[in-house]
Structure formats: C-alpha cells, structure tokens
1. Every residue in the stretch 52-90 that is under 13 Å from A33 (Cβ atoms), loosely packed, with under 15 Cβ neighbours inside 10 Å and not hydrophobic (A, V, I, L, M, F, W, C), please.
2. Would you point out the residue of the stretch 159-186, among those that are crowded, with 18+ Cβ neighbours inside 10 Å and either closer than 21 Å to R145 by Cα or in contact with a strand residue (DSSP E or B) (Cβ under 6 Å, 6 or more places away or on another chain) (or both), that is modelled with the lowest pLDDT?
3. Take the residues in the stretch 96-141 that are in contact (Cβ under 8 Å) with a residue 60 or more places away in the chain and in contact with a strand residue (DSSP E or B) (Cβ under 6 Å, 6 or more places away or on another chain), then tell me which one is nearest to T34 (Cα to Cα).
4. Consider the stretch 63-86. How many of its residues are at pLDDT below 90, part of a helix (DSSP H, G or I) and in contact with a helix residue (DSSP H, G or I) (Cβ under 7 Å, 6 or more places away or on another chain)?
5. List the pairs whose first member sits in the stretch 166-181 and is assigned to a helix (DSSP H, G or I), whose second member is among the β-branched types (V, I, T), and whose Cβ atoms are under 8 Å apart, counting only residues at least 6 apart or on separate chains?
6. Given the criteria under 20 Å from V35 (Cβ atoms), in a helix (DSSP H, G or I) and assigned by TED's automatic domain parsing to the domain that holds A33, does R93 qualify?
7. Whether any residue in the stretch 96-119 is more than 18 Å from D133 (Cα to Cα), outside any loop (DSSP other than H, G, I, E, B) and aliphatic (A, V, I, L, M) is what I want to check.
8. From the list R110, R68, which one is over 22 Å from Q143 (Cβ atoms) and out of contact with any Leu (no Cβ under 6 Å at 6 or more places or on another chain)?
Amino acid sequence: MEESTRSKPSRHGPLWEDRFKSVLVQGEPGVLATVAAYIDLNAVRAGIVTDPREWRWCGYAEALKGQRLARNGVYEALGEAGAQDRGGEAWKRMHRRYRQLLMEEGRQLRDEEGRVTRKGLTPEEFETEEGRDFDLPAPALLQQRVRYFVDGLALGSAAFVESVFDKNRARMGVTRTCGARIPKVPMGGLHTMRDLREQRAQKPA
C-alpha cells in the first residue's frame, strides 16, 4: 500500500494522545503514597472539586465511605499494610496521615504576581485543615457514607425494597427476579434496589 503523503496532525492533547500513560512505579511506601495522592488530587487540580473527598470516583472518597479495598490501598501506600484493626483506630491514624499528604500536595500555587498557576486549597483552607489536625468532623464523615443513596432508587429493609421492586418491575423493564441489593459498603442492614455506584454506568439489568 502506498504510504500516505498527508502531514501528521499537529494537535496535541487529551483528544488524540497523551491522556493516559502506563508507568512502572517503585513499590515503596513513599513513592506509592505520592502517586496515590497525585491521582486522588486530579479532580482538585482540574477545578472540578475543592476537596478530593467530593470526587466520588477517586479511591480516597471510596475509603472514606468504608470500602475495604480502598482503605487497604491507603494502608499499603503508607507502608502500613498490616496495621488494619476492627476497632477503626488504625484507620483514623492512617486517614489523618494520608489527608495531611493530600492537603499539602493539593495546595494552590501562585506566581510572583499572585496569579493562580495551579488550582487547589487556598492558604486559608489549608490552615483550617491544619488547625483540626487533618481530621474530618463527624458530619462530613457521615455525608461520605450516605450522599449516594439516591443511586439506589429505593432504600430500606429487604422487604420494603422487594415491595417497591414488585410494583415497578414492568415499568422498569428489568428481567431479574430479585430487587433487593446489599450495598458493597454495609449500612446497618439496609438494602437498595440498585448498586450504589457501578450500576450508573451500565444499562439496567
């Protein structure tokens, strides 16, 4: 086949290239924590959110919701893979350490003329975080666990969810016979009609 004489496109950017990369990362705690924080801060640096916990698709937000694999990732990144405990004290310590790293790495940068060169936490916001030792108040932690309940369509006991499912099955156009779903993050015995996260990106079953 004759080689094309057309010139290559000169545009560079996320539409055509350079968006996703594969990098071999050294499996040392300091390196892993830096890379994990960089990923969790992507939405902050893009100006989508002001706190990484507000970006529902990052591992940090999942860890705050209580997702076990996400929390294990934080432990491993901080070099504390064997420190998990059932009482939650180890997680509280690990969370403060990791949140401090996120807040320090996520600070806003300005040039000599005061123009923002990298989006992130303002000096005032960082001082607030530092003043509470990089811990989150109880209402903020509770919000992380319940903010996406609306994704479940119906929330309550298994019997309640099944009754709602039976009444609306024909309208929903689903083929499954069981309506109640157990959330991946246990919520005191509550059930939902739809998985709280992954199902949003899929067609209804």
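1. The one that is under 13 Å from A33 (Cβ atoms), loosely packed, with under 15 Cβ neighbours inside 10 Å and not hydrophobic (A, V, I, L, M, F, W, C): G79.
2. Going through the stretch 159-186, the residues crowded, with 18+ Cβ neighbours inside 10 Å turn out to be 161, 165, 179-181, 183.
The next check asks that each one be either closer than 21 Å to R145 by Cα or in contact with a strand residue (DSSP E or B) (Cβ under 6 Å, 6 or more places away or on another chain) (or both); those that pass are 161, 180-181, 183.
Details: V161: 83, A180: 83, R181: 79, P183: 70.
Looking at residues that are crowded, with 18+ Cβ neighbours inside 10 Å and either closer than 21 Å to R145 by Cα or in contact with a strand residue (DSSP E or B) (Cβ under 6 Å, 6 or more places away or on another chain) (or both), I get P183.
3. Taking the stretch 96-141 first, the residues in contact (Cβ under 8 Å) with a residue 60 or more places away in the chain are 98, 101-102, 105-106, 118-121, 125, 136, 140-141.
Adding the requirement that they be in contact with a strand residue (DSSP E or B) (Cβ under 6 Å, 6 or more places away or on another chain) leaves 106, 118, 120-121.
Details: G106: 11, R118: 17, G120: 16, L121: 17 Å.
Going through the qualifying residues, I end up with G106.
4. 1
5. Pairs found: none.
6. On the way: under 20 Å from V35 (Cβ atoms): no; in a helix (DSSP H, G or I): yes; assigned by TED's automatic domain parsing to the domain that holds A33: yes.
No.
7. The first filter runs over the stretch 96-119 and keeps only residues more than 18 Å from D133 (Cα to Cα), leaving 108-119.
Retained after the next criterion (residues that are outside any loop (DSSP other than H, G, I, E, B)): 109-110, 116-118.
Still in the running and aliphatic (A, V, I, L, M): 109, 116.
Yes: one or more hits.
8. Working: R68 fails: over 22 Å from Q143 (Cβ atoms).
Selected residue: R110, the only one of R110, R68 that is over 22 Å from Q143 (Cβ atoms) and out of contact with any Leu (no Cβ under 6 Å at 6 or more places or on another chain).
The values are calculated or read from the model by the stated rules, or taken from the named source; none is laboratory data. Please read these numbers as outputs of a predicted model, since none were measured by experiment. In this analysis, Cβ positions are derived from the backbone assuming ideal geometry, glycine residues included, and neighbour counts consider all displayed protein chains.
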